Amino acid sequence: MKEITLRVPDELAQLIEEWAEHIPEMEVVKRGHSLYHDDEDIGKKLAAAIDKLKQEGVLLHIYDYTWIMVAIAEGVIEGLGAFRSAQTFKDYLERIGVCPLPSRSTLNTFSNRVDGYYPDWEFTDVEDEYECLRRKDVVNRLLEALYDD
């Protein structure tokens with residue numbers, strides 16, 4: 001069975017979900033929330049969420065921004081599409097006021113150590129189960145912080 005993510009206008013969401021319920025082999029596995037109104041709004045929310053993660057001690061290492069970049073590339077965060085490069089991601093973070101920032105090299109190096117798709121990531125550079133879970137939890141906590149009202 002394949003999993004497909006769809007972004008639909010708010011006014012069509014209920015109709016799509018009802019349609020999916022009438023197809024026996026189809027199920028709605030995740031419902032998103034409307035997170036943004038425009039690019040500036042998502043940038044402010046992302047910057048605030050990252051700041052919250054820093055305050056909570058979730059972002060332990062500068063390379064932890066990599067997990068956010070990879071999650072965005074996979075479409076995990078509504079309103080943000082994949083960045084063309086690690087440099088464009090870094091530039092975006094700088095533009096929304098996030099600091100300190102990882103280097104382009106750090107982002108590239110660590111993004112090449114992620115296999116699979118969130119939340120089922122595996123990491124080629126570490127075998128410690130706790131560290132693998134901690135890295136995934138960076139994104140889990142970011143999503144919670146983004147959707148906190």
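The values are calculated or read from the model by the stated rules, or taken from the named source; none is laboratory data. These numbers come from a predicted model, not from an experiment. All Cβ positions, even for glycine, are placed from backbone atoms using ideal geometry, and neighbour counts span all protein chains on display.
Touching a residue at least 12 places away in the same chain (Cβ under 8 Å) and in contact with a Leu (Cβ under 6 Å, 6 or more places away or on another chain), is that true of Ala49?
Spelling it out, Ala49 is indeed touching a residue at least 12 places away in the same chain (Cβ under 8 Å) and in contact with a Leu (Cβ under 6 Å, 6 or more places away or on another chain).
So if I check each of Leu59, Leu80, which one is surrounded by 13 or more Cβ atoms within 10 Å (Cβ to Cβ) and modelled with pLDDT under 95?
Details: Leu59 fails: modelled with pLDDT under 95.
Sole residue among the options that is surrounded by 13 or more Cβ atoms within 10 Å (Cβ to Cβ) and modelled with pLDDT under 95: Leu80.
Can you tell me how many residues within the range 89-107 are more than 16 Å from the chain's Cα centre (by Cα) and outside any loop (DSSP other than H, G, I, E, B)?
Here the count works out to 6.
Name the residues in the range 110-149 that are in contact (Cβ under 8 Å) with a residue 24 or more places away in the chain, part of a helix (DSSP H, G or I) and of a type outside the set (Lys, Arg), would you?
Within the range 110-149, Phe110, Ser111, Asp137, Val138, Val139, Leu142, Leu143, Ala145, Leu146, Tyr147 qualify.
Would you confirm whether or not the range 62-79 contains a residue that is without any contact (Cβ under 8 Å) to a residue 12 or more places away in the chain, not aliphatic (A, V, I, L, M) and not in a loop (DSSP other than H, G, I, E, B)?
no
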